[in-house]
Each structure stands twice: as C-alpha cells, then as structure tokens.
1. Given 101, 85, 43, which one lies farthest toward the positive end of the charge dipole of the stretch 9-110, if we put +1 on the Cβ of every Lys and Arg and -1 on the Cβ of every Asp and Glu?
2. HN-Hα J couplings of the stretch 72-79 from phi, Karplus 6.51/-1.76/1.60, θ = phi - 60°, integer Hz, Gly and Pro as x?
3. Using only the C-alpha atoms of the chain, find the volume of their convex hull and express it per residue in Å³.
4. Neighbouring Cβ atoms within 10 Å as the yardstick, rank 28, 52 fewest first.
5. I need to check one value: relative contact order of the chain, counting alpha carbon pairs closer than 8 Å and at least 6 residues apart, in percent.
6. Tell me the label-point distance for the pair residue 102, residue 84, using the 7 Å Cα-to-Cβ offset, in nm and rounded to one decimal.
7. If you build a Gaussian network model of the chain, linking Cα atoms that sit under 10 Å apart, which residue out of 99, 37, 27 swings the most?
8. Report the longest stretch of the chain that contains none of the GluC sites (Glu not before Pro) sitting in a DSSP loop with at most 12 other Cβ atoms within 10 Å.
Amino acid sequence: MEHRHGERVPMNLPAVVHTDRGKHLAAIIGNLSCGGAFLYMPAKRVRLRGLIEVEFCLPDGDSQRWRAFVVQQQADGVGVMFDNLELEELLPLLAWARAMQRSRAATAVAA
C-alpha cells in the first residue's frame, strides 16, 4: 500500500547517507516526494526502520542534510520517509528537479 504524499519527482542527485552506526555510504536520490525519497544504494547496508541522514548539495552549492527513516528495502536501494522535514526545506529541491524534467522534455521534443 502506498503512503506517499504528493507527486514523485524523478531525480539523479548524488548524496551521502550517514547511518546511526557511523557509516557513510554513497547514494543517488532517484526520486523525491514531499514525504520521502528513493535512494539508489546498497540496501543491506542500512537497517529497515533505522534512522539515517541524507546529505547532498543543491545546484547552487548549498549543502542539505535531512533525517529519514528507512521504510523499504529493494535490491537496488531503499525507500525513506523524512523525519520532521519542513516543506520550505524541500521546495527548492523539488523546483530544481521539476525544472530539470521540463528541460529534458523540451530537449527531447526539439531533437
């Protein structure tokens, strides 16, 4: 059953996952919604229902670090639900991702 709030926006943004055990793992933010994200990474390296922090840089160079719970593990990554993330923190990243989608779509139509 889906519990996602809001649309899922495709992305391809490098990130670092910080685990509650002190590990730092490379990841790619594959998609993002107001409530969570899908991270391409080694799923077995994080605990299901464990708390992690997702760190990444916005295109303007501003670094972000968000807390999230691992709610799903798949062969290619994990689904996470954000913990106490304010919508204002998420809006710049969603706006950037939507702009990238429109740019890719316009380029595909022009080609």
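Values quoted throughout were computed directly from the atomic coordinates according to the rules given, and no laboratory measurement underlies them. Predicted model, so just to flag it, every value in this text is computed and none were measured. No Cβ is skipped: glycine too gets one built from the backbone with ideal geometry, and neighbour counts run over all protein chains shown.
1. 43
2. Listing the rounded values in order: 7, 10, 10, 4, 9, x, 9, x Hz.
3. Values: hull volume 13.1 nm³, N = 111.
Considering the Cα atoms of the chain, their hull volume per residue is 118 Å³.
4. Working: 28 16, 52 25.
Starting with the residue having the fewest Cβ neighbours, the order is 28, 52.
5. Numbers: 208 pairs, mean separation 24.5, N = 111.
Over the chain, the number comes to 22 percent.
6. About 3.4 nm, to one decimal.
7. 99
8. Here the longest segment lacking exposed loop sites spans 8-85.
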